[in-house]
1. When Lys and Arg each count +1 and Asp and Glu each count -1, what net charge do the other residues less than 13 Å away from ALA110, Cβ to Cβ, add up to?
2. Pairs of Cα atoms under 8 Å, at least six residues apart: use those to get the relative contact order of the stretch 58-209, whole percent.
3. List the residues, sorted by chain then number, that are 5 or more residues from SER116 or on another chain and whose placed amide H is less than 5 Å from its amide H.
4. Through the Karplus equation 6.51 cos²θ - 1.76 cosθ + 1.60, θ set to phi - 60°, convert the phi angles of the stretch 102-107 into ³J(HN,Hα) values in whole Hz; use x for Gly and Pro.
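Every read-out reported here was derived from the displayed coordinates using simple, explicitly stated rules and does not represent laboratory data. What you are looking at is a predicted structure, and each value in this text was computed from that prediction instead of being measured. So basically every Cβ, Gly included, is an ideal-geometry build from the backbone, and we count neighbours across all protein chains shown.
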Amino acid sequence: MSATEPAGDGPAPVLMAVHAHPDDEAIATGGLLARAAAAGWDVTVVTCTGGERGEVVADQLGGPNTDPADVAARLPQIRRDELAASLSTLGANPPVWLGYRDSGMRGDPANDDPASFWRAPFDEAVGRLVAELRARRPALVVTYDAFGLYGHPDHVQAHRVTLCAVEAAAQPLLHPEAGPACPAPRVDLATTARSGLAATNAALAQHGVASPFGTETDPQRLSMGTPDAEVDFAVDVTEHLETKRAALACHRTQVAADSLFLNVPAELARTVLGPRRRRRRRSAGGSGRRRWRRGLRAPARRVLVGGARRLSMWAVVPTAAATQPVTGRCG
């Protein structure tokens, strides 16, 4: 991201993020989306599932009835409302839904649900996303790396569907029912740098705090994340950390008020919060030297296959103001 691009004329460029569940937009790309929106980008988030299998913070459900059947009936609308509040906080457009059910973690019986994203007919899912791409014609699409950050089936599926949909959206003969073909956007893959994961584990251990990423402190021994040499660039989101955490707080039935992400001490913020790194995948569909205004740039060339750029989730020292716990809630 660059804040030095010329303002230019014409409509704002579009950034589309494709996520698996409500809350992923804030956890994985909240700082990036807030920065893009602040720079004048038109930001849209496509969420593939309703997050029905995610964590439930019972005391935030509202109402006296916490019977599992009642909760299951109310949860989809609760998650929709939370995502709408999060996106409003980040400066993004209202939610766009791909329409599938949460598949649960690997090995969960929900993996076999025919309505789940993991079991969705692949061409059908691609077609749905192609329609959104052609309707909005983004300059930049952001989704997960090939491992889905940590291997969640819906994250992996979002990666696969997004890459296929980006290519298909530029081909007039593919999914003609989804509207006229559009230029293929740049695709950036959100990832985690292994050095960042290791540093997070070490820093949290020193403060007696359990890390959500385990206990390994040697980047060479981590299987999760991307080797640092394969991470292309980082986006500094220091100025937008408070917005990111406010967006996270909107997901009150998934992110507890005492969550590490909402209450990280200032001395740990450099490793738990901060910029995101990306690995870029260049797509088919055009070439040239066009540069996008308002803080982000399109590549000079796009080719059918090529180096991907991954965006890492770690590590600049944020400002003191950005490291204070979130005290309010989204309305």
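1. -2
2. 18 percent
3. The answer is ARG101.
4. Listing the rounded values in order: 4, 8, x, 5, 4, x Hz.
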